[in-house]
Amino acid sequence: MSLKKFNKYSVIKLTAIAMINFSATTVWADIQPRSASLNYSQKALSNAGNPASAALIVERKDPHVMIGGAVEIGAGLEYGNLDELFAKIDEISNSFKPPADGGTTLPAPPTPENPIEDNPWDDLLIKYPELADRLDALKGKVVNTAGLLALIASEGYGKAEATGNASFVLNEDLYGGTLLMGMGLKGNAKVVGLFEEIDFNSDQALEALKTIPEFDETDPIQKLDLSGGVYLYYNPANHKVKLNIDNDSMLLVKSTKIAQFSLAYSKKAFESEAGALYWGVKPIFYRVGLTNVSARLGEITDSEAIFDDIKNANYVYKNGFDFDMGVTWAAPNYQLGATMTNVIEKTYLFPELDTQRLNSTKIIQKINYHSEFTMQRQVKLEAGIFTQQRDWSLHAELDANPVEDPMRDRYQWLTVTAGYAADSWWLPSARFGFSRNLAGTSLGYLNAGVTFMKFINLDVATTLDTVTLDGDKYRRGVNLRLGVQFAY
């Protein structure tokens, strides 16, 4: 399959991989923040919310909230400008392969045996600009290739995820507090470009080009080192040339399969006329599966094979333990909260990739950088105001520090959501908001959601930015969640 077909079909396959790998957790950074899902009060029953909030919502017993449990599934997709990217990979792929017959025919350069006006060899570049023109052409080709490789590094990513989580109130009065059980699943996959710079030296290239007239027509194809891993193959028999670039730039595909199980205990600490303070702690058990594959750009002949490799790859599984903790201050018309996630900060390793065939220490360093990830500690701050019956609400949530997800992407979400929660089974509840990643991609999402019949939740989020795939414009990122909440 041509790499030009990589764009749209690869986005579909990347999403499918994440769906097939459907598992994992929702406690670290996501493509799109979960704070946009549900309204402020309903979030307390989610295992992704503040661990202190379950006791509050159980005690408060809002008429528009079904207290018992919640189940949700979701999928998200985010990518760079893949249409242009993989067309460019197709464009430069031949530059990474040695020629079979020499390449492109060019006029024969002047020779020392046939000078004009007895100019020495060093003056031939002045009198006969063919070699200088060739040097300029080579420099242009190298600069163009370097720019394309930089494009791969900056735009060369496509990321998909599938999520699922469920939470159930096990006990509403356990030693004066509430026990909430949670289970989370996520599949995540990403393709990213790793770029090795081309250190092209014009002086060295010029000295190599000067040797071209010295070859006889009976000489074999010559490999001229132009510096920076750039080689010129010259065929003296037909004066054909072919530029070849020996470069370790590559595509890296990573995939995760992670599951979590948690028990969150929350309890009221004290109460006054101004409000009440609640605290909570959530121990979490993880089952983490990781895999990755890589392919140098010069070795890519079938884009389908890359995704088949990651789909069929063996996952390395590790168990882990961590915990979250949080506090919530609840007043009649406002609410404040703070959560610290991943207090222990456990580190997990991807399978080791073969780097023996690589020459670039920078590429090896980048591979090593992607070989592990840590569930980094993060502080989340939240605030909400609402009417007396809490049917109208305005909620803001801020990640106080950026963290990296398993793909080493940085996330720090700021989200503002306004919502209306209806008491009626027939009148839908609605919410609308905006999210911005303050780190990493800096993408912004518009969020909207509705709740039907008090128990069916549908939420969608989409970026404002667009990309072009096969000539059609699409949103650069989209996220969809469907869930139910229930009482028992």
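The values are calculated or read from the model by the stated rules, or taken from the named source; none is laboratory data. Keep in mind it's a predicted model, so treat the numbers as computed, not measured. FYI the Cβ positions are ideal-geometry reconstructions off the backbone, even for glycines, and counts take in every protein chain you see. Calculation scope for accessible area: heavy atoms of the full protein, side chains included, ligands and nucleic acids excluded. Shrake-Rupley method; radii C 1.70, N 1.55, O 1.52, S 1.80 Å.
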When segment 440-476 is examined, which residues are found to be under 15 Å from the mean Cα position of the chain (by Cα) and open to solvent by 10 Å² or more (accessible area, probe 1.4 Å)?
440, 441, 442, 476
All positions within segment 411-432 that are in contact with a helix residue (DSSP H, G or I) (Cβ under 9 Å, 6 or more places away or on another chain) and either over 16 Å from residue 389 (Cα atoms) or at pLDDT 90 or above (or both)
413, 415, 417, 431
Apart from one, (1) out of contact with any Gly (no Cβ under 8 Å at 6 or more places or on another chain); (2) of a type in the set (A, V, I, L, M, F, W, C); (3) over 30 Å from residue 345 (Cα atoms); (4) at pLDDT 85 or above all hold for residue 277; the odd one out is (3)
Tell me which residues, restricted to segment 200-246, are open to solvent by less than 20 Å² (accessible area, probe 1.4 Å), of a type in the set (Gly, Ala, Ser) and part of a helix (DSSP H, G or I).
205, 208
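Being in contact with a Pro (Cβ under 7 Å, 6 or more places away or on another chain) and within 29 Å of residue 404 (Cα to Cα) narrows it down to one of 448, 439, so name that one.
Values: 448 fails: in contact with a Pro (Cβ under 7 Å, 6 or more places away or on another chain).
Going through 448, 439 in turn, just one is in contact with a Pro (Cβ under 7 Å, 6 or more places away or on another chain) and within 29 Å of residue 404 (Cα to Cα): 439.
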Extreme residue, farthest from residue 320 (Cα to Cα), among residues of segment 394-410 that are touching a strand residue (DSSP E or B) at 6+ places or on another chain (Cβ under 6 Å) and open to solvent by less than 20 Å² (accessible area, probe 1.4 Å)
395
Within segment 354-380, tally of residues that are open to solvent by less than 70 Å² (accessible area, probe 1.4 Å) and either touching a Phe, Trp or Tyr at 6+ places or on another chain (Cβ under 9 Å) or closer than 23 Å to residue 286 by Cβ (or both)
10
Scan 330, 383, 422 and give me the residue that is surrounded by fewer than 19 Cβ atoms within 10 Å (Cβ to Cβ) and in contact with a Gly (Cβ under 9 Å, 6 or more places away or on another chain).
383
